[in-house]
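Chemist: Okay, handing you the structure first.
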Amino acid sequence: MNQGRPEAAARPVVPEELADRAHAIVAAYPEPKGALHPLLDLVLSETGSWDGTWAGWVAQLTGTPVVTVHGIARSRRLPEADGEEIAVCTGLSCRWMGAEAVCQRLQEVPNIRVVAVNCLGACSAAPAMARNGRLHDGLTPERLDALVAGDR
Amino acid sequence: MRLLREIAEMEERRILFEGIDTPDIDRWPVYCKHGGGQGLLRARSLSPENVIKEIQSARLRGRGGAWRLVGDRWQQAQAEGGADYVVVDLLEPDPGRFRDRKLAERHPHRLLEGARIAAHAVGATSIFLCIDAESLRARQALQQAIVATQEQATTIQLHPARGPFPLAAGSSLAVELLRGGRAEPQADDGVAGLDRLFAGSAIVHSASTLGYLPALLATAGDVFQTVGSEWAPGTQAFCVSGLVRRPGLYEVELGRGTVRDLIEGIAGGARPERAIKFVLHAGYGSSPVLTAGDLDRPLDPGLWADPAGGPLSGVFGGGAVIVADDSVCPVDTARRLAQAYAGAACGKCLPCREGTAWLAAALSRLEAGTAQANDLAWIIQRCNHLTPAVALCGHAPSAARSIRALHDAFPEEFAAHLDGGCAVAKDLSMKVPDSIHMRY
């Protein structure tokens with residue numbers, strides 16, 4: 001089983017702007033290792049996915065073993081590489097306010113992957129979902145239909 | 001009559017969120033125009049020792065949930081040579097809590113001003129804001145505020161980290177994320193409330209705690225003189241969610257009114273033709289489940305913190321209040337809680353990793369009516385075993401306490417599920433509250 005392991009030989013082609021931002025983040029910490037989590041977030045938010053080739057780059061910047069970087073990254077909530085994903089909050093408040101109905105409605109929509117998550121931090125405005133990282137809370141059947149139809 | 005009188009008396013009292021409704025309060029010139037920055041100016045005109053004395057006499061307690069005296073922590077830190085870093089914990093992994101995030105989104109300068117005051121008091125020159133990377137609005141607001149107020153005296157750095165995070169993990173989680181470690185809490189290696197970070201030491205505060213400092217310093221502590229209880233002066237912002245008519249964020253005076261006043265008064269109570277069934281007061285499981293008959297507990301954390309374990313004892317928590325009405329099944333709630341805990345377990349402690357997953361599976365069987373006769377007894381036994389003695393942080397014990405508390409509050413409903421029956425007509429349709437308070 002080699003699946004999910006970092007490819008030691010492969011190195012990503014890092015755009016200059018991304019490299020500059022990464023170096024600025026590292027410089028803000030007394031020790032480079034402190035920048036590990038912000039760098040993981042930078043890679044994930046800029047590339048939309050994580051694969052082992054980035055682990056070597058982050059490891060080099062932070063002075064951390066590649067396997068450690070990869071292990072930490074794989075334990076985080078990672079976006080899927082393809083397709084649109086909608087995260088529906090299924091925490092208690094959202095569940096009671098209709099998260100299941102939201103999931104059922106979204107599952108009728110083709111080409112959308114519905115993911116149940118524990119909490120999106122919008123408990124008073126339940127039910128809530130996040131589409132492409134953007135939070136939509138206070139959902140009503142009408143609002144949900146409008147969102148599904150792309151009328152945001 | 002008593003209830004009506006107290007409901008009438010209880011009203012919002014904003015100190016932490018003062019001015020939050022002012023348009024563009026997240027912009028530095030607007031913040032300054034409305035009195036912002038005065039607390040920091042005054043703090044820097046005083047010696048750190050005098051700032052600490054003022055906070056000690058104001059008796060400000062940390063709002064993250066532990067309710068420790070902030071001034072005493074600072075004094076201890078100073079006695080140990082001061083702290084090099086102030087770490088602001090904005091993670092809020094406990095579901096039901098969103099107060100710090102709202103403060104960061106809408107009132108970022110208040111948070112930064114408070115953090116700078118704390119840095120002045122403990123001698124720190126760097127501030128790290130540890131935040132869930134997916135709180136995009138809060139990150140953006142804080143970043144803009146940092147850029148608008150850059151200075152040489154204190155550097156401020158956002159530290160975004162991706163979840164999931166263990167619940168009730170304590171301050172060591174934020175520090176571990178800053179060390180570049182896994183999202184795993186550590187055993188307390190700090191001295192005098194300090195955590196070791198890089199080659200120095202750090203003091204960790206929740207964002208809400210720091211948000212009180214500007215008002216306290218600007219008024220030399222006067223703002224707490226007449227507000228709040230003797231044990232805990234000031235206010236608390238409660239995140240009220242669930243099945244009430246007016247969910248939202250409510251800042252109210254501590255020691256004035258009861259849980260019932262908060263839920264049935266300010267938050268509007270149950271929906272029409274429904275009744276409050278139970279309340280998870282401190283979010284997920286840190287406190288006993290409050291049933292409809294327990295709602296007259298006063299909102300005074302000092303009474304809840306009774307070390308003798310009296311009838312009011314329990315964890316007052318960090319301000320999450322999740323309300324269930326009679327359309328909610330407690331077994332379904334316990335199952336969902338267990339699944340949430342199992343999903344967020346970091347995996348470091350075996351009893352937690354395996355125990356929460358086992359509880360989730362067993363409660364799923366119970367809820368589905370496919371449990372075996374001894375499953376319920378096993379669930380309770382496992383809950384009793386998941387104590388702080390077997391876990392590194394509060395995650396697993398919190399899960400166990402919440403499930404056990406739900407069982408203790410509704411034993412008949414749990415027992416009925418052994419026979420495959422659920423007496424509750426669950427309503428999982430989409431609902432719209434009358435209004436949402438402080439929704440931005």
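Chemist: What accessible area, in Å² to the nearest ten, does a 1.4 Å probe give for A:VAL114?
Modeler: A:VAL114 has an accessible surface of roughly 40 Å² with all protein chains in place.
Chemist: Then there is this: Report the FRET efficiency, 1/(1 + (r/R0)^6), for B:ALA415 and B:GLU273, where r is their Cβ-Cβ distance and R0 is 35 Å, rounded to 0.05.
Modeler: Once the sixth-power term is evaluated, E becomes 0.80.
Chemist: Please compute the per residue accessible area over the range B:73-194 with all protein chains in place, 1.4 Å probe, rounded to a whole number of Å².
Modeler: 30 Å²
Chemist: Short version: ³J(HN,Hα) in whole Hz for each residue of the range A:45-52, in order, from phi by Karplus 6.51 cos²θ - 1.76 cosθ + 1.60 (θ = phi - 60°), x for Gly and Pro, what are they?
Modeler: Those phi angles translate into 6, 8, 9, x, 7, 10, 9, x Hz.
Chemist: When the chain is fully extended, how far beyond the present Cα-Cα distance does B:LEU350 get from B:GLN152, taking 0.36 nm per residue of separation?
Modeler: Contour length minus the Cα-Cα distance gives 66.7 nm.
Chemist: Then there's this: Please report the orientation-averaged projected area of the protein assembly as shown, defined via the convex hull of its C-alpha atoms, in nm².
Modeler: Over every viewing direction, the Cα hull of the protein assembly as shown projects on average to 27.3 nm².
Chemist: Please list, in order along the range B:377-388, the HN-Hα scalar couplings obtained from phi with the Karplus expression 6.51 cos²θ - 1.76 cosθ + 1.60 (θ = phi - 60°), rounded to whole Hz, x for Gly and Pro.
Modeler: 4, 5, 4, 5, 5, 4, 4, 5, 7, 7, 9, x
Chemist: Just tell me the longest site-free run in chain B, where the sites are GluC sites (Glu not before Pro) in a DSSP loop having at most 10 other beta-carbon atoms within 10 Å.
Modeler: B:274-440
Chemist: Between B and A, buried accessible area summed over both sides at probe 1.4 Å, in Å² to the nearest 100?
Modeler: Summed over both sides, the interface buries about 4200 Å².
Chemist: With every protein chain kept in place and ligands, DNA and RNA left out, what is the accessible area per residue of the range B:375-440? Probe 1.4 Å, answer in Å².
Modeler: 47 Å²
Chemist: Which value in nm describes the separation of the simple spin-label points at A:ALA116 and A:SER75, placed 7 Å from the Cα toward the beta carbon?
Modeler: 2.5 nm
Chemist: Sticking with this structure for a sec: Could you give the size of the charge dipole of the range A:43-106 about its Cα centre, using +1 on the Cβ of each K and R and -1 on the Cβ of each D and E, expressed in debye and rounded to the nearest 20?
Modeler: Dipole magnitude for the range A:43-106 comes out near 300 debye.
Chemist: Now for a different question. Over chain B, how many percent of alpha carbon pairs lie in each 20 Å bin up to the one with the longest distance?
Modeler: Going from the shortest bin to the longest, the percentages are 26, 57, 17, 0.
Chemist: Just to be sure I understand: of the beta bridges DSSP finds with both ends in the range A:84-149, what percent are antiparallel, rounded to 5?
Modeler: Beta bridges within the range A:84-149, antiparallel portion: roughly 50 percent.
Chemist: Using the heavy atoms of the protein chains alone and a 1.4 angstrom probe, what is the accessible area of chain A per residue in square angstrom?
Modeler: Result: 47 Å² of accessible area for each residue.
Chemist: Per 5 Å bin from zero, what fraction in whole % of the C-alpha pairs of the range A:16-74 is there, up to the bin with the longest pair?
Modeler: 4, 21, 36, 26, 12, 1
Chemist: Please work through the protein assembly as shown and write down the cysteines that have no neighbouring cysteine Cβ at a distance under 4.7 Å.
Modeler: Lacking a cysteine Cβ partner under 4.7 Å: A:CYS103, A:CYS119, A:CYS123, B:CYS32, B:CYS130, B:CYS239, B:CYS329, B:CYS346, B:CYS383, B:CYS393, B:CYS422.
Chemist: For chain A, what % of the accessible area comes from carbon and sulfur atoms, probe 1.4 Å?
Modeler: Here it works out to 49 percent.
Chemist: Just to be sure I understand the interface: list residues from the range A:32-58 that lose 30 Å² or more of accessible area between the chain on its own and the complete protein assembly, 1.4 Å probe.
Modeler: Buried on complex formation: A:LYS33, A:GLY34, A:HIS37, A:PRO38, A:ASP41.
Chemist: Keeping all protein chains in the complex and leaving out DNA, RNA and ligands, what accessible area do you get for A:ILE86 with a 1.4 Å probe, in Å² to the nearest 10?
Modeler: For A:ILE86, solvent-accessible area is about 0 Å².
Chemist: Please give the residues from the range B:320-343 for which the solvent-accessible area of heavy atoms, probe 1.4 Å, is smaller by at least 40 Å² with all protein chains in place than with the chain isolated.
Modeler: B:ARG336
Chemist: Among the lysines, which have Cα under 20 Å from the Cα of B:LYS53 when same-chain residues fewer than 8 positions away are ignored?
Modeler: Result set, ordered by chain and number: empty.
Chemist: Run through the DSSP bridge list for chain B and note the antiparallel percent, rounded to the nearest 5.
Modeler: Restricted to chain B, the bridges split so that about 45 percent are antiparallel.
Chemist: Per residue of B:86-96, how many C-beta atoms from partner chains lie within 10 Å of its own C-beta, taken as a mean?
Modeler: For this peptide, the per-residue mean of nearby foreign Cβ atoms is 2.
Chemist: Where the centroid of each part is defined by its Cα atoms, how far is the range B:359-393 from the range A:97-152 in Å?
Modeler: The two parts, judged by their Cα centres, are 31 Å apart.
Chemist: Give, ordered by residue number, each residue of the range A:87-107 whose 1.4 Å probe accessible area is reduced by a minimum of 50 Å² on adding the remaining protein chains to the chain alone.
Modeler: Hits at the 50 Å² cut-off: A:LEU92, A:ARG95, A:TRP96, A:MET97.
Chemist: What FRET efficiency comes out for the pair B:THR291/A:GLU108, r = Cβ-Cβ distance, R0 = 35 Å, nearest 0.05?
Modeler: With a Förster radius of 35 Å, E is 0.35.
Chemist: I want to check the label-to-label distance for B:ARG137 and A:ALA28. Put each point 7 Å from Cα in the C-beta direction and report it in nm to one decimal.
Modeler: In this crude spin-label approximation the distance works out to 2.2 nm.
Chemist: I've got another one for you. Of the heavy-atom accessible surface of chain B (probe 1.4 angstrom), what whole percent is carbon and sulfur?
Modeler: So the carbon and sulfur contribution to the accessible surface is 50 percent.
Chemist: Okay, moving on. Could you compute how much accessible surface A:LEU61 exposes when probed at 1.4 Å, giving the result in Å² to the nearest 10?
Modeler: 30 Å²
Chemist: Continuing with this model, one more query. Quick one: order B:VAL147, A:VAL13, B:VAL223, B:VAL331 from most to least accessible surface, probe 1.4 Å.
Modeler: Final ranking, largest accessible area leading: A:VAL13, B:VAL147, B:VAL223, B:VAL331.
The values are calculated or read from the model by the stated rules, or taken from the named source; none is laboratory data. Note that this is a predicted model, so its numbers are computed, not measured. FYI the Cβ positions are ideal-geometry reconstructions off the backbone, even for glycines, and counts take in every protein chain you see. Protein only, heavy atoms only, side chains kept; ligands, DNA and RNA dropped before computing areas. Shrake-Rupley method; radii C 1.70, N 1.55, O 1.52, S 1.80 Å.
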